[in-house]
Amino acid sequence: MRGAGNRYRHMKTIRLLNSISPVGLEVFDPETYTLSPDAADPDGILVRSAVLHDMEFSPSLTAIARAGAGVNNIPLERCAENGIVVFNTPGANANGVKELAVLALLLASRRVVQGIEWAKTLAGDPELSKKVEKGKAQFVGPEIRGKTLGVIGLGAIGGMVANAADSLGMNVIGCDPFLSVKAAWSLKTSVRSAADYDEIYAKADYITYHIPALPETKGIINRENIAKMKDGVRIVNLSRGDLANVQDVAAALKSGKIASYVTDFPHEELLGLDGAVCTPHLGASTPESEDNCAQMAARELIDFLENGNIRNSVNFPEIVMPKLHRHRLVVLHRNMPGVINNVTSVMASAGINIEAMANRSKGNYAALLLDIDSEIDEAAVEKVASMENVLRVLLK
């Protein structure tokens, strides 16, 4: 359990891990926020790829914002149990990844990378032109137009890739068991829905993965699923290296079952293997993506630290309420029966009238917002903070 820490601090400190786009840092008001890579007791952390699993968190820390979509570098469960809200920035880098995915589809077809490497060996050769014309046949590859693309995962990035591939003349089928209504509306009507992944494996000439790395998705590109695919399938994986069983992919490339495998996650067993194209994690490596992610992460931190609103959290629920009253009490708690009733009972016993209230849950955790116009009874706040299943209480 964490108490109502930081509620008397006016200046807030944000610890910067990694290099964060200056455009994102400009979002912070310098009269309210101190930004430092060395802050010992920060209110929030802004991070990109730094691994936080072994980091000891200060009691002052209430929020971590990842300037990017993946959060496998952050200990989500430990953060939740310590009342630390973790944010990410879904969609902020979507266009950058989409453009790389379109390029990856082309690289999976046309042996451009292999051709470039071969052409370099002709430097200084007096018969350059003759050898180019003679040697180009070894780099022939099919066009993507008219081929079937299977998109596994139709979220912010997968949906954009599906639409782009459709515009390039591909026949697109997609599958996403967790497709939101918003994401579904963004898809072109010509993008067809597959009943399951097996349908994609059976029909697709190309398959691109846009799903998170979870225990149930780890190693999904494996021998068993590859066997269900067409001979000569071409696979793109820009999502997470853990999605692939690299040994199975390498074996399928050697046998010809997989014609090409384009990934943003190089692996020793793939480097130098014919048909494998490895890019060095370039998905969001555009100035635009870095700016968008940094700005979005900064705004999420600010809205939580100042208003208690939670947007795009990966370990606590989405909860947003206009702040129209004098005080806001934020109660982060385990999703267990009786917590809300116990909190409101304490407020009532202290003579505190609740003007507005909202509660949301997500899995094992929940957040409660209470807006109050009267003076705050410190003893009541501390009593709430000491309750069973209450993780943290913040006063905004």
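At a glance:
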item	result
Output for segment 251-302, where each listed residue is assigned to a helix (DSSP H, G or I), within 20 Å of GLU224 (Cβ to Cβ), in contact (Cβ under 8 Å) with a residue 24 or more places away in the chain and open to solvent by less than 30 Å² (accessible area, probe 1.4 Å)	ALA252
Conditions (1) open to solvent by 50 Å² or more (accessible area, probe 1.4 Å); (2) without any contact (Cβ under 8 Å) to a residue 40 or more places away in the chain; (3) closer than 30 Å to ALA194 by Cα; number of the one not met by PRO142	(1)
Residue match in segment 234-250 (condition: modelled with pLDDT of 95 or more, surrounded by 15 or more Cβ atoms within 10 Å (Cβ to Cβ), touching a helix residue (DSSP H, G or I) at 6+ places or on another chain (Cβ under 7 Å) and over 30 Å from LEU107 (Cβ atoms))	no
Candidates ARG334, ARG360, filtered to the one that is in contact with a Pro (Cβ under 7 Å, 6 or more places away or on another chain) and open to solvent by 10 Å² or more (accessible area, probe 1.4 Å)	ARG360
Which numbered condition VAL71 misses (of (1) open to solvent by less than 10 Å² (accessible area, probe 1.4 Å); (2) in a loop (DSSP other than H, G, I, E, B); (3) in contact with a strand residue (DSSP E or B) (Cβ under 8 Å, 6 or more places away or on another chain))	(1)
Segment 326-349, residues that are in contact with a Lys or Arg (Cβ under 8 Å, 6 or more places away or on another chain), under 21 Å from ALA379 (Cβ atoms) and not in a strand (DSSP E or B)	VAL346
Count of segment 113-135 residues which are part of a helix (DSSP H, G or I) and surrounded by 13 or more Cβ atoms within 10 Å (Cβ to Cβ)	8
Cβ pairs under 7 Å, 6+ apart, first in segment 99-113 and under 16 Å from MET170 (Cα atoms), second open to solvent by 30 Å² or more (accessible area, probe 1.4 Å) and not in a helix (DSSP H, G or I)	ALA108/ARG234; SER109/PRO142; SER109/GLU143; SER109/ARG234
Within segment 30-54, considering residues that are modelled with pLDDT under 95 and surrounded by 15 or more Cβ atoms within 10 Å (Cβ to Cβ), the one farthest from ALA298 (Cα to Cα)	ALA39
The lone exception for LEU187 - which of (1) within 24 Å of LYS230 (Cα to Cα); (2) crowded, with 18+ Cβ neighbours inside 10 Å it fails	(1)
Selection from segment 24-52 of residues that are part of a loop (DSSP other than H, G, I, E, B) and closer than 13 Å to LEU305 by Cβ	VAL27, PHE28, ASP29, THR32, PRO42, ASP43
Hits in segment 303-313 (condition: touching a Pro at 6+ places or on another chain (Cβ under 8 Å) and surrounded by fewer than 21 Cβ atoms within 10 Å (Cβ to Cβ))	ASN312
Matching residues in segment 314-324 - criterion: being within 19 Å of the chain's Cα centre (by Cα), open to solvent by 10 Å² or more (accessible area, probe 1.4 Å) and not acidic (Asp, Glu)	VAL314, ASN315
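The values are calculated or read from the model by the stated rules, or taken from the named source; none is laboratory data. Model, not experiment: these values are computed from the prediction. All Cβ positions, glycine included, derive from the backbone under ideal geometry; neighbour counts span all protein chains shown. The accessibility values were calculated without ligands, DNA or RNA, using every heavy atom of the protein model including side chains. Shrake-Rupley method; radii C 1.70, N 1.55, O 1.52, S 1.80 Å.
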